Amino acid sequence: MTSSVDDSSDETFDPTTTVDRWLRSWDLLGSFEVSRLLGDGAPAERRYIVSMFPYPSGDLHMGHAEVYAISDAMARFARMSGADTLFPVGWDSFGLPAENAAFKRELDPRDWTYRNIATQAESFRRLGISFDWRTRLHTSDPEYYRWNQWLFLRMYERGLAYRADATVNWCPTDQTVLANEQVIQGRCERCGAQVRKRALTQWFFRITEYAQRLLDDMAQLEGAWPSEVLTMQRNWIGRSEGAHIDFAIDGRSAPVRVFTTRPDTIYGATVFVVACDAPLAAELCAPDRSTDLIIYRDSVAAATEIERLSTDRPKTGVFLGTYAVNPLSGERIPVYAADYVLAGYGTGAIMAVPAHDQRDLDFALALGLPVRTVIETGAADPARTGVAADGVGVLVDSGRFTGAHSVAAQAEIVAELAERGRGAPTVTYRLHDWLLSRQRYWGTPIPIIHCDTCGEVAVPDEQLPVRLPETGYQLRPEGGRSPLASATDWAEVACPRCGAPARRDTDTMDTFVDSSWYFLRYPNPDYADGPFDPAGIARWLPVDEYIGGKEHATGHLLYARFLTKVLHDAGMLPFTEPFTRLTNQGQVLMDGKAMSKSLGNLVNLQEQIELYGPDAVRVTMIFAGPPEDDIDWADLAPQGAVKWLARVYRLADEIGRAAGTSVETVGSSAVRRSVHEVIAKATELMAAKRLNVTIAQLMQLTNLLRKAVDSGPGAGDPAIREGAEALVRMTSCFAPFTAEEAWQRLGHRPSVSDSGWPVTDFALITAETTVCVFQVDGKVRGRVEVPTGIDDESLRRLALSAPGVTNALAGRAVSNVIVRAPKLVNVVSGR
Ligand code: ANZ
Ligand code: ZN
């Protein structure tokens, strides 16, 4: 389909027909390949720009087009500015959707996945994205996932990968466990089903061991990552300072530990509460109460963590028939199980202080338990008002601490507890360990073998990769078992240690494992001696600019930071943060809403490209607003971009034809000055990632040149040619096909992307006036704007007649006048 261009012109330009030609010539020229992947002798400056790699769910959609148009503009700018630029491409190609789609159509998920990758790759090319295709990787290739397994084993050796019983999020529809990050408002991120809790044995990465470093190292990211993302990570990690306190339990030798942020309220603890689903609840439960506990636990199993913690949820719980002893007052308080205490936070047990904690108060009032005020905060009686007094104040009814202020009392009480061996200051994090096992087929098999004699045995490195069985996809997950469990030929192996019959671990890894390190492998994706090439790391890493959606703030971005630190500690990486700068692109909306099949507001990218050409689609997206902002396709008119690009092309065409018609050698100085002003601004704007404003500058330059051609010096003027060449070179970051075409019209050989970013001639644009300072005896007495070329004598006269100078002299004689044109005149008085 052709797009009609500004009809005031007889020159037609169809941006859709030139695509193939330029793709071929870029391939031939190797235009976007880094000068040398492991380059010694490459330009000193290097830029590593990565957009989060796509999941091959089908063809590219509008959102992809936006993020890759943005990152491509950044990469092209870096490359044209002279930096050796690595801009890689790969696919995050393991994952549930492939498996589900394949089930539905009775296909091998491989076929579905690799077919979609091929489609997306072709679409990327046709969009003109300047990837270096030699970096291409797919996480579902055995050559890649082998290194997932290798990394897993290194983590396992360090105690950072472990298997444990856990109450996990279980999606009944997808039949798999989900990480907390994959549960959105209590529902499965993928299918929307209500997530349930289940007790299963699962694999974890001990990310909590890195909680503090994940917080501390944010200092390196401050100002370079969106502050919103840093805040989200900080909240997700959720550092909380407090104390742990051990309570003795009637009839039990070991005490039970609680975590509290308010040890100063300990004398107000009137009940001891454990998470109903923690093993501890069953342990503490008196035998005659166990039926109550089971009934209660089942009744709350469906609730999500967020619901459980919510303050407006009616509080419930059951008495466990036993008592805890307050380590300071000696008071015996009843032990309850309740769902508002979470098994996975702190110790899973709390001392409830109803007077000073709202949730404890709701609980006490709902169950008729005592409320005792121990801090005088000035608030009304919580038992009467139902509002907890959660402030600070002076302690009452608190033994020898009565009369102390709560802030001081916290330290004193913890010290006293520590002395008795009953407590200590401690820090707790909300962050949980990363649950990485999935009961699915299409993922990286966990390289562990279970032997009855030897227990867990690591698959020896030389046996990696543990390949997925070819036919395992025909097996469905069932009741918490991975489909791989039914692939008996595959699962039954000899124990690598004792040779006895043993079984492979049949879980696969969360795909967030795959994506937590892929950017390390891009510099040399065929490297066979390790997960990544140390020389490539030295040359390219860390990533200078990472571009992707902010939905990854607390998942992928945290995992990648964690893994980087682990690899740093293992001596494999010289840095501790993987992404120096981060840009979160906005979404492409339609009629104010995210595009989705169910809303029926999907805009088809290929249709748009057919209508307007890839360049106009790219320009429209970038011009619509700053990269971080959402844009609404309904509000945008790609025809505007088509028109602009046609004007750029026509200018180039006219100027190209007028070549050699001018007798001038430099051209109009007014045009040159305006052109270089635009170059200066555009350079600054690009460096600041203000892409939409850059395009506005280029549009302005187009107008300026058009005017100069039509009613100024004319198309043959060298200044106009200089301006058009600069325009085309800069435009190539956004509209590479049009720019290439225009560049050729101007008489140049491809590729425009090799032509460099235009350099500002500052001599042309520096202001022609400057500020001159007038002094009397070294003291500033006036400032005046003067022409830069002013001569000494004029300046001297100007100074001596300036009011500030005559006032300061107050009639005294002048013994000397020192003139430093055009910046300074110092008048020395004769005393
Ligand atoms: C007694 C107390 C008295 C508390 C008081 C607060 C106020 P953050 O700040 O979020 O870390 N808590 C501890 N573990 C819990 C769990 N597993 N599930 C639910 N709540 C839990 O919150 C720490 C506070 O939350 C702790 O301090 C504990 O209640 C509760 F006036 O202990 B506090
Ligand atoms: Zn064995």
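Spin-label pair Ser57-Glu412: with each label point 7 Å from Cα along the Cα-Cβ axis, the two points sit 5.9 nm from one another.
Label point of Thr311 set 7 angstrom out along Cα-Cβ; within segment 383-426, amide nitrogens under 19 Å from it belong to 383-393. Translational diffusion coefficient of segment 160-250 at 37 °C, 0.692 mPa s, Stokes-Einstein with Kirkwood Rh over Cα pairs, in µm²/s as a whole number. So the translational diffusion coefficient is about 205 µm²/s. Using bins of 10 Å that start at zero, the share of Cα-Cα pairs per bin across segment 769-829 amounts to 26, 60, 13, 0, in whole %. Between the amide H of Ile448 and those of Val459, Asp505, distances stay under 5 Å, these residues lying 5 or more places away or on another chain, with hydrogens modeled in the peptide plane. Take the alpha carbon atoms of segment 241-259, find their center, do the same for segment 195-234, and report the distance between the two centers in whole angstrom. Cα centres, segment 241-259 to segment 195-234: 28 Å. In a Debye calculation with equal point scatterers on the alpha-carbon sites of segment 239-429 and no solvent, what is log10 I(q)/I(0) at q = 0.12, 0.17 Å⁻¹? Once normalised to I(0) and log-transformed, intensities are -0.54, -1.12.
Computed over the Cα atoms, what is the radius of gyration of segment 213-294 divided by 2.2 N^0.38 Å, N being its residue count?
Working: Rg = 19.4 Å, N = 82, 2.2 N^0.38 = 11.7 Å.
Compactness ratio reported: 1.65.
Annotation: extensible slack from Arg187 through Ala658 equals 163.0 nm (criterion: 0.36 nm per residue apart, minus Cα-Cα distance).
Roll a 1.4 angstrom probe over the protein heavy atoms and tell me the percent of accessible area of the chain that is carbon or sulfur. Intermediate values should be presented prior to the final figure.
Values: 17060 of 34510 Å².
Looking at the chain in its full context, I get 49 percent from C and S.
Measuring against 21 Å, Cα to Cα, the residue pairs Lys643/Lys681; Lys197/Lys565; Lys104/Lys597; Lys779/Lys823 contain Lys643/Lys681; Lys197/Lys565 as the ones spanning a longer distance. Put simply, the amide H of Ala199, placed in the peptide plane, has neighbours under 5 Å in Val168, leaving out anything fewer than 5 places away on its chain. From helices alone, the chain scores -10500 deg cm²/dmol at 222 nm; the rule is -39500 (n - 2.57) for each run of n ≥ 4 DSSP H residues, then divide by the residue total.
Counting only alpha carbon atoms, the long axis of helix 290-300 and the longest principal axis of the chain meet at about 20°. Converting phi to 3J(HN,Hα) with the Karplus coefficients 6.51, -1.76 and 1.60 and the offset θ = phi - 60°, segment 132-140 yields 8, 5, 5, 8, 3, 9, 10, 5, 8 Hz in sequence order, with x at every glycine or proline.
Each label was represented as a point 7 Å from its Cα along the Cα-to-Cβ direction; for Val773 and Arg673 these points are 2.7 nm apart.
Would you mind calculating the gained length between Lys597 and Thr665 on full extension (0.36 nm times residue separation, minus the Cα-Cα distance), in nm to one decimal? Could the numbers behind the result be given before it?
Values: separation 68, 0.36 × 68 = 24.48 nm, distance 5.92 nm.
Result for the pair: 18.6 nm of gain on full extension.
In the chain, the longest principal axis of the Cα atoms and the axis of helix 227-237 are about 10 degrees apart.
Measuring r between the beta carbons of Cys498 and Thr119 and using R0 = 45 Å, the FRET efficiency lands at 0.40. Using a probe of 1.4 Å on the protein chains alone, the accessible area found for Lys689 is around 40 Å². Short to long, the 10 Å bins of the Cα pair-distance histogram for the chain hold 2, 11, 16, 17, 16, 13, 11, 8, 4, 2, 0, 0 percent of all pairs.
Taking the solvent-accessible surface of protein heavy atoms with a 1.4 Å probe, what is the per residue accessible area of the chain in Å²?
Working: 34510 Å² over 831 residues.
For the chain, the per-residue accessible area is 42 Å².
Around the amide H of Arg257, modelled in the peptide plane, lie the amide H atoms of Phe247, all under 5 Å away and 5 or more residues distant in sequence or on another chain. For segment 447-463 versus segment 777-812, the inter-centroid distance based on Cα atoms is 88 Å. Normalised radius of gyration (Cα atoms, divided by 2.2 N^0.38 Å) for segment 637-764: 0.97.
The values are calculated or read from the model by the stated rules, or taken from the named source; none is laboratory data. Keep in mind that what you see is a predicted model, and the values were worked out from it rather than measured. No Cβ is skipped: glycine too gets one built from the backbone with ideal geometry, and neighbour counts run over all protein chains shown. Calculation scope for accessible area: heavy atoms of the full protein, side chains included, ligands and nucleic acids excluded. Shrake-Rupley method; radii C 1.70, N 1.55, O 1.52, S 1.80 Å.
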